[in-house]
Amino acid sequence: MIDVQWVPAAPPSRPSPSASQQGATMGSTRSPRARPTLVLTTVVTTILAAVLAAVALCLAPLPAVAAPAPVVPTPADTVTADALPTVQVDGVVWSQVIVGNTVYVGGSFLNARPAGAPPGTNLTRRTHLLAYDLTTGRLVPGFVTTLNAQVLSLAASTDGRRIYLVGDFTTVNGQARRRVAAVDAVTGALVTAFKPVGVNSQARAVAVTADTVYVGGGFAGLGNGLLRSNLAAFRASDGATRAWNPGADYTVWALAVSQDQQWVIAGGSFQNVGGQAAYGLAKIGAGNGTLDLTWRPAVRNAGVDAGISSLRVQGAFVYGTTWHFGPGGNLEGTFKVPVTTSTLEWVTDCHGDNYSAYMAHGIVYTTSHTHYCGTQGGGMPQDSPTRFQRAMAWTDTAQGDILTDALGYADWRGKARTPSIVSWTPSMTSGTVTGQFQAGWSVVGNDDYILYGGEFPKVNGVGQQGLVRFARKPIAPAKQGPLFATGVFTPRLVPTSSSAVRVSWAAGYDRDDLFLTYRVVRGGAYGSPRYTTTAPSNWWNLPALGFVDTGLTPGATYTYQLVANDDDGNTVYGATTTVTIPLAVPPSTPYAQAVRAAGARLYWPMDEPAGLQVTDRAAGTTTSTGVGVTDGLADTDSTGASGIGWGRPGAIDGSAAVQLTDSAYSRIHALGTETAPDTFSVQAWVLTSTTRGGRILGFGDLQYANSHHADRQLWMDNAGRINFGVRAQDGTTRVVTSTGPYNDTRWHQLTATMSPAGMRLYADGVLVGQRADTTSGEAYLGYWRVGSDLLTAARGSIAWPNLPTSRNFVGGVDEFAVYPSALTQAQVQAQYALRGTGTR
């Protein structure tokens, strides 16, 4: 049996809506806690055992080496990130459906207003249901329906002439309808011929065939007292009750009908249907209500703290979204599974909760509050403070393997594959209507448009409440250009000789382009830039870029400017900045020259006398792209103070070093992201007498806080031994440990390498440990860091051995360097021999 880890997820968040019986209650939510809890008679341990057995049947063999799915550029048929003007609402949108060029919108709101109108102005009364023109975004004036409570789900009849709606309402246009109704698609008038008895409590989901309307929710019976447990069906022509009665033991959140109309797919928080185990997902006969016991996908979300939030059948596949905030679920994400078999096509193991998904032109658009995609390889880390991506896009085909989880969520590695994140990241501001601080709850589309609905007040920083349209080119103007994290696009200029200057900057990003092109302009000569480069980036992946401009005149002053543009021709001009080239630059020490000669691409000599920033000196006077452009920055506390002591006597004669202290802010991080390397050398000199150990250096997925993924690291244990650790892709820890101690108050050069030859650890030029069985580690985006970081195991992760008392290394650190190759012992020994010569 495969061990699936059932652990609480963080941060907790739940989808809405609640069973508000107040028609004008704008703050009603969709929380499963808001429904009366049904008594669950099945023993929890029995359920979990059955679930785990079912999951084991659907899991693929564990790959030996995971190949993560890369973030990919936006294909030509992807909608742009331009937020097109759309009618707005003063509440929350739960459901949308498109018929031709008309979009029908259901939710909990009282008024509509035009695009651009501030809240409370230019209002048109629309109670919980409206229609707008897909191509213009304007309200359809002739479609008017009056409801006394919220609409939670919509579906169009197969001929497009009716709109079926379910929710909390009990009257439609003044006539009684118990939470199930149909209105005319042109006028919004109640279809009086369709008069079902309705249901006795909240209806959450509706799906239709040519002759039947299926309803799911949190109800125990029909309006006439006939028992129906959370699932019911009515004849489409007149609303007569169907005999269909599969019976779910807890709330049904979502319904979809197979393309051949033979099956109803149900999703929710139920654990049984018709007395048979069906953990959150069920495939039910559309005619006889019989459960298909062979259809058991490995996604298992149910109970009071988990569920399936949406389902959509497109072609032969079911697309579903999930949520959970406790041990009842194993996925926060989106999944794709065939209607006919249980084998998952893919899952998006991106946390947190997902609420809706729609596929168009091979791209799957989702709405969620995603905050952690660390198992995607190139996905966003769990940042601190948390940053959410509310709208995302994915390829419709699996592109790679899911990596080992590091935060205690259910581990999907080896159990399903994952699509690639598409570089499409419009921003949506969280709303306050439901009290759950979400943005989007619904996404639908067609060949040309993707439509989001929810409670967001802004899209891309501009007021656009509750509804927004995105479109393909040329419908959309494609005006989303390069953005920069600090809002400032200015290079850092560092002379490297009396005739050269290093020009470096952090990459920007674009909401709908993976690649940006940068030009370095000197003296306003835009037609002949000194340097041009193109690099991929997202808001969570901002690599350091730069080059060395040579042939300059000593004593002369030069002006530089950066220009960035995307593939759509949007251009951003940075501010100008100047530098005066020194008449002379003190020569590098032989040690520094040896570091550069060995091919270091990052080199922090730690010679700064004060301040917070350290300069990457790997570039020298070369023009090698990507070398010597990754400066470092010390962490600071709330007062702006760091735990770093500057200007201490260094390991190399005449040089300076930094002193790390027993502080969580005693660390320096790189200013550019990169992918954790599998072939590298990392090196530093240390001096200490500590008996409490600490982390000296390593790679981690966060800049400022303690990382969640952290490895490729050196730490000292309490005995003074040096440990070099890499976390393999299967989550196990691989460590090389020195035999002797190095806490003798003397400077020691430490060098760790990994390559196809394995892991090696050198101290003072001597090989003190090695292992040949580890040639790669976890694949994730992150930063090189010096000083304190995560050493204890993250939730669910295998612990590191030889852990010290403290993660904060107390002692001197000097001459930090990273190489893109494994240094040979001869190279390390040659460097060590230069420790006592030269000055800076």
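Any residue at all in segment 227-250 that is aromatic (F, W, Y), modelled with pLDDT of 95 or more and over 36 Å from the mean Cα position of the chain (by Cα)? Yes, some residue in segment 227-250 is aromatic (F, W, Y), modelled with pLDDT of 95 or more and over 36 Å from the mean Cα position of the chain (by Cα).
Kindly indicate whether Y526 is among the aromatic types (F, W, Y) and not in a loop (DSSP other than H, G, I, E, B). So Y526 fails the test. Scanning segment 304-327 for residues that are at pLDDT 95 or above and under 12 Å from the mean Cα position of the chain (by Cα) turns up nothing. Somewhere in segment 357-367, is a residue under 17 Å from the mean Cα position of the chain (by Cα), under 16 Å from A410 (Cα atoms), free of Cβ contacts under 8 Å to residues at least 60 places away in the same chain and crowded, with 21+ Cβ neighbours inside 10 Å? Looking through segment 357-367, none of the residues is under 17 Å from the mean Cα position of the chain (by Cα), under 16 Å from A410 (Cα atoms), free of Cβ contacts under 8 Å to residues at least 60 places away in the same chain and crowded, with 21+ Cβ neighbours inside 10 Å. No other residue among T553, T490 is part of a loop (DSSP other than H, G, I, E, B) and out of contact with any strand residue (DSSP E or B) (no Cβ under 6 Å at 6 or more places or on another chain) apart from T553. Say whether the condition of being outside any loop (DSSP other than H, G, I, E, B) and surrounded by 23 or more Cβ atoms within 10 Å (Cβ to Cβ) is met by at least one residue in segment 338-345. Within segment 338-345 (the criterion being outside any loop (DSSP other than H, G, I, E, B) and surrounded by 23 or more Cβ atoms within 10 Å (Cβ to Cβ)), the answer is no, since none of the residues qualifies. Residues in segment 668-689 that are surrounded by fewer than 21 Cβ atoms within 10 Å (Cβ to Cβ) and more than 24 Å from G546 (Cα to Cα): S689 alone.
In segment 817-840, the residues that are under 13 Å from Q749 (Cα atoms) form Cβ pairs under 8 Å with partners that are hydroxyl-bearing (S, T, Y) and modelled with pLDDT under 95, at six or more places apart or across chains, as follows: L834/T589. Residues in segment 413-434 that are in a loop (DSSP other than H, G, I, E, B) and of a type in the set (A, V, I, L, M) were compared, and the one that is nearest to A67 (Cα to Cα) is A416. Identify, by number, the condition in (1) at pLDDT 95 or above; (2) small (G, A, S); (3) in a loop (DSSP other than H, G, I, E, B) that G453 doesn't meet. Going through (1) at pLDDT 95 or above; (2) small (G, A, S); (3) in a loop (DSSP other than H, G, I, E, B) one by one, G453 breaks only (3). State whether the residues of segment 526-535 include one that is at pLDDT 95 or above, closer than 30 Å to H361 by Cα and not assigned by TED's automatic domain parsing to the domain that holds H369. Yes, segment 526-535 contains a residue that is at pLDDT 95 or above, closer than 30 Å to H361 by Cα and not assigned by TED's automatic domain parsing to the domain that holds H369. Of all residues in segment 728-743, those that are assigned by TED's automatic domain parsing to the domain that holds S755 and under 12 Å from L403 (Cα atoms) have Cβ atoms under 7 Å from Cβ atoms of residues that are outside any strand (DSSP E or B) and charged (D, E, K, R), 6 or more apart or on another chain, in Q729/E778. Kindly indicate whether A115 is buried (at least 18 other Cβ atoms within 10 Å of the Cβ), under 32 Å from the mean Cα position of the chain (by Cα) and either of a type in the set (D, E) or at pLDDT 95 or above (or both). Spelling it out, A115 is indeed buried (at least 18 other Cβ atoms within 10 Å of the Cβ), under 32 Å from the mean Cα position of the chain (by Cα) and either of a type in the set (D, E) or at pLDDT 95 or above (or both). Note on segment 145-193: residues that are within 23 Å of V444 (Cβ to Cβ) and either outside the structural domain of V92 (by TED's automatic domain parsing) or not small (G, A, S) (or both) amount to 24. Which of the residues spanning segment 511-537 are over 30 Å from A556 (Cα atoms), out of contact with any Ser or Thr (no Cβ under 6 Å at 6 or more places or on another chain) and either surrounded by fewer than 15 Cβ atoms within 10 Å (Cβ to Cβ) or not small (G, A, S) (or both)? Residues satisfying the conditions are D513, L516, P536. Candidates V183, V140: the one that is among the aliphatic types (A, V, I, L, M), more than 14 Å from V103 (Cβ to Cβ) and without any contact (Cβ under 8 Å) to a residue 60 or more places away in the chain is V183. Can you find a residue in segment 494-503 that is outside any strand (DSSP E or B) and farther than 22 Å from T80 by Cβ? Within segment 494-503, one or more residues are outside any strand (DSSP E or B) and farther than 22 Å from T80 by Cβ. In segment 332-355, the condition of being in contact with a strand residue (DSSP E or B) (Cβ under 8 Å, 6 or more places away or on another chain), among the basic types (K, R) and within 22 Å of I402 (Cα to Cα) is met by at least one residue. Looking across W424, W441, W412, one residue alone is crowded, with 24+ Cβ neighbours inside 10 Å, of a type outside the set (V, I, T) and within 15 Å of the chain's Cα centre (by Cα). It is W424. Can you tell me how many residues within segment 211-232 are surrounded by fewer than 24 Cβ atoms within 10 Å (Cβ to Cβ) and of a type in the set (G, A, S)? Counting residues in segment 211-232 that are surrounded by fewer than 24 Cβ atoms within 10 Å (Cβ to Cβ) and of a type in the set (G, A, S) gives 5.
Elements of the type strands (runs of 3 or more DSSP E) sitting completely within segment 699-799 and holding at least 3 residues that are buried (at least 22 other Cβ atoms within 10 Å of the Cβ): these cover 710-716, 722-727, 748-755, 758-763, 781-787. Checking each residue in segment 452-472 for being at negative phi and surrounded by fewer than 24 Cβ atoms within 10 Å (Cβ to Cβ) picks out P457, K458, V462, G463, A471, R472. Considering segment 625-645, and only residues there that are surrounded by fewer than 20 Cβ atoms within 10 Å (Cβ to Cβ) and over 20 Å from V494 (Cα atoms), the residue that is farthest from the chain's Cα centre (by Cα) turns out to be G645.
From the list G640, G654, G645, the lone residue that is in a strand (DSSP E or B) and in the same structural domain as R771 (by TED's automatic domain parsing) is G645.
Here is a yes/no grid of residues against (1) hydrophobic (A, V, I, L, M, F, W, C); (2) touching a Phe, Trp or Tyr at 6+ places or on another chain (Cβ under 8 Å); (3) part of a loop (DSSP other than H, G, I, E, B):
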site: A207; (1), (2), (3): yes, yes, no
site: G225; (1), (2), (3): no, no, yes
site: A232; (1), (2), (3): yes, yes, no
site: G239; (1), (2), (3): no, yes, yes
site: W244; (1), (2), (3): yes, yes, yes
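For segment 560-619, the strands (runs of 3 or more DSSP E) that sit wholly inside it and include 1 or more residues that are surrounded by fewer than 15 Cβ atoms within 10 Å (Cβ to Cβ) and modelled with pLDDT of 95 or more are 571-573, 577-580. Beta carbons closer than 9 Å, at least 6 apart along the sequence or on distinct chains, pair a first residue in segment 529-552 that is touching a residue at least 60 places away in the same chain (Cβ under 8 Å) with a second that is of a type in the set (A, V, I, L, M, F, W, C) and surrounded by fewer than 16 Cβ atoms within 10 Å (Cβ to Cβ) for P536/F515; W539/A485; L542/A485.
Quick check on segment 285-299. Is at least one of its residues crowded, with 19+ Cβ neighbours inside 10 Å, assigned to a loop (DSSP other than H, G, I, E, B) and at pLDDT below 95?
no
The values are calculated or read from the model by the stated rules, or taken from the named source; none is laboratory data. Just so we're clear, the structure is a prediction, and the values are computed from it rather than from any experiment. Glycine also receives a Cβ, built like all others from the backbone with ideal geometry; neighbour counts cover every protein chain displayed.
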